[in-house]
Structures are given as C-alpha cells and as structure tokens.
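In what follows, a structure is listed as structure tokens, so that the remarks can point back to it.
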Amino acid sequence: MTKVFSLRLRLFVLILVPLMLMGLVLGYWRVSVAQNTAEKFFDRSLLSAALAISRDVAISGGDALLPSTSTLIHDAAGGEVFYHATGPSGIYVTGYAYPPHGSISDIDLYTPHYFQAEYRGEAVRVLKVVERVTSEGVSGNATVTVWQRLSERSRFATQLAFRAAGLIIGLLLTLALVVWFGVAHGLRPLLDLQQAIEVRSPDDLSQIRRPIPREAQGIVRTLNRLFAKVQESMTAQQVFISNAAHQLRNPAASVLSMAESLRDAQTPADQHQRIEDLVDAARSSTRVTEQLLSMDRLRQPMPESHRTQFDLAGLLRSIGADVGPVVLSRDIDFELVSPDHPILMTGDQVFIAEAIKNMIDNALKHGGPKLSSIVVRLREEGNKALITVLDDGKGLSPEESELALGRFSQVEPSQGSGLGLAIAAAVAERHGGNLVIEPADKGASLTLSFLR
C-alpha cells in the first residue's frame, strides 16, 4: 500500500522548500555583496589613509604623522595599516622601509593604483598614490604606498555574511512556524467536513450544507451527489424487494393451492388436469423469478466479458424458431421480416434476446381476443438496429408509455408480472437505444433500438 503523507505536511513542504531555496540564493547573494562591500570599504579606507599621509608629509616636511592622522587611519581602515612615503627623486621620507612592489604605467601615473602583493609572508592589498609636489624649490613626484592584510578584509566580509545569514535563518524559521500553524488553521474546515461525513450512516444520507472553502466545494458537491445516488439506490432496492415479494407471493400461493388440490383429486382425469394446472403455475412462477433476476442484473454495470459481437439477424431468426410454434399453436399468424445479410452488433446477446422475447410475449398476453397476427421486423438506420413488433390486438397508444413501460405496472390487469416491457426498455438503454410505443391505426407497434 502506498504511503500517503498528510495534507498538512505536504503543504508545509511545498511552501517551505521554495522559500528555503530562495533563502539559499539570497544568502549566496548577500555573501557576494558582503565581499564587494568589504572590498570597496577597505579600498576607500586605504585611499583616505594615503591622502592623509600625503598631506601630513607635505605639511610636516617629512616628519612623523600627526596623532589625529594615525587615529584616523586605524579607525577608518578597520585594522592595521602599513605605509611608506618617498619624496621627489625617490628619497625616503617616512613609514616602513620596504613596501610591497608593484609597477605603475606612465599613462596612469597620477591615478591611484590598487594591486595584490605579499608582505612578510601574508597577502596584502596595496594602494600606491603618486603626486607632483614642490618642496624647498625642488619639484618632483612624491609617492605614498599604503597596504593592509587581506585577512582583515576577509574577517570583515565574514562578519557581514554571518549577520545576513542569521537574519535569513531567523526569517525562515519564523516563516516555517507561520506556515505550519497557518496550514493547520486553513485545513480546519476540512477537518470539520470529515466530522460531518463521519456522522453519516445508511439511515442519514442527507446532504452536507455547512459553510466550506471554495476549494472544497467541488468535493462536497460530489459527496452530495454520491449520497443522493446511494439513497436512490437503497430506495430502489427496497422498492424492488417489496415488489418482488408481492409478485412472488401470488405464484407461490397458486402453486401451493394446486398441490393441495392435486392431493385431493378423486379421479385420474381430474388428477391429470390438476397436474397440468400445477405445471402451468410453476412455469409462471419460474418466469416471474427469472424476470426479477434479470431486472436486478440490469441495475448493475455490464461486465466487459458479456459484450460480444454477434449477428442480430441470425439471433432474431433463432428467436422466431423458438417462439413461432407457440404463437402459431394459438391460431395467430406469425411473420418475421429480416434482411438477408448479417447485421453485426456488439452487446449482451442474452439480454437482447430476452428483450425481444418479452416484446413478443407482451403482444400475446395483452393483444386480447381479437389478436390474429404478430409481425417482427428488423431494419438498419445508420449505426442503429431497430426491431419493431406489430400486432392487431386491442392496441397500445404512446400516451400509455409511462404505465406500460414502468416496473410492475400494467395498462390493464392480466396474468403478467408487469416486468416484460420494463426489462426490454432497460436492455435498450443499456445498449444506447430505447423502447418506443409508436402510433398505430390498429393494434400496437413497439420499436426497440440499439446502438451497433
């Protein structure tokens, strides 16, 4: 059995995972920004330090830097700064004796020049600034070189990155809590719906009418339709059982009465007559039982194994061979009109045969004393096959369709069960057709149609 996670957990994961991925992207972006920020901050600090040193050298004539400049260099740079200053003709003025080396092109001579180098075994960032100065009547280029360890920059960038990561993690944790409890609150109507479904029973299949979110309204509509169908099915089943019991009671009572009268028969002739009556009563009871079973089976979906392809014209001729002698024995003309070529059809052959027999049997039972002819015709119309049964009996009008085609109902009282035409109509609907009572100048005309 496939394991299904809770809806709450699935929504939590679906919402939080994209947020986490976005948080990772945002974190990566913040680290890059922190590194760029550190680079710009420290480069500007080096430039400020270089300008301050150049100013103090020019003012003091090469003496030590002012205390305010030293403090400014340390505070602005965020770490230890090394410097080296030379006057015109490359004369050493102040600072550390051996600065990191880096060449400057003549074109960019007076533009501040940044480069990476190594100082005392450590990687450093170096700024070299060249200015044109005049000191004591001598003009030339004064060079100020300042540098700083790259580890100071990395430490600063790491601090910025950790602060950003802490902020992002805090936001994600807050969002996780909000999503977890927000999803639980949002799913509460579904839990209420579950409780409403749980209280339903076969005795209470009423529709669910409580307020629900728009997203769950389709589920509730489907459930309400299901409840209605189940209720309708249960009601139909109860009605069917009640009608079946009523229909079987009379044949059973008749068989019992015939059996008792047979026991009391005085003469062989009387006994023989009562045996014949008992057989007829048993046959009638069996027929009603078979019709009831057929009616119940028609309520179920048709299994695919029952759908076969067969020749409808051949089936009709076979039915005519079976019922023809019975009809003719009652001094009634029987005619079968069918095309010479096969008419192929896919469906339940047993039920279609029973529907055709029921239509012929209906004409025999309800045609009345004036019945003298029954005609069965088979024809094609497009993708449909139509079977019409005509008789010249007392007749049946289209206005009587509801009563004639209803279950356990009859236009006039007779020995039938009232199921024959109802079964034929159900078989036709099962095969994409219908049973229609057509107008007739004399007698009755019933047409049964099937999709081929």
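Before moving on, here are some points about what is shown:
- HN-Hα J in Hz across the stretch 351-361 - Karplus 6.51, -1.76, 1.60, θ = phi - 60°, x for Gly and Pro: 5, 5, 4, 5, 4, 5, 4, 5, 5, 5, 5
- Annotation: amide H-H contacts under 5 Å for residue 445 (H modelled 1.01 Å from N, sequence separation of 5 or more, or interchain): 396, 438.
- Net charge of the neighbourhood of residue 145, taken over other residues with C-beta under 12 Å away and scored Lys/Arg +1, Asp/Glu -1, is +2.
- Between residue 260 and residue 188, full extension at 0.36 nm per residue minus the direct alpha carbon distance yields a gain of 19.0 nm.
- Per residue, the Cα convex hull of the stretch 357-406 amounts to 99 Å³.
- Here the 3J(HN,Hα) profile of the stretch 427-439, calculated from phi with Karplus coefficients 6.51, -1.76 and 1.60 at θ = phi - 60°, is 5, 4, 5, 5, 10, x, x, 7, 10, 10, 8, 9, x Hz, Gly and Pro shown as x.
- Shape category assigned to the stretch 95-204 from the gyration tensor of Cα positions, a/c cut at 1.5: prolate
- Centre separation in Å (Cα based) which lies between the stretch 147-168 and the stretch 377-398: 94 Å
- In order along the stretch 391-403, the phi-based Karplus estimate (6.51 cos²θ - 1.76 cosθ + 1.60, θ = phi - 60°) of 3J(HN,Hα) comes to 9, 10, x, 5, x, 8, 9, x, 5, 9, 4, 4, 6 Hz; Gly and Pro are listed as x.
Rule-based calculations on the coordinates, nothing more; no lab input. Everything numeric here is computed off the predicted structure, so don't read it as measured data. Backbone-built Cβ (ideal geometry, glycine too); neighbour counts: all protein chains shown.
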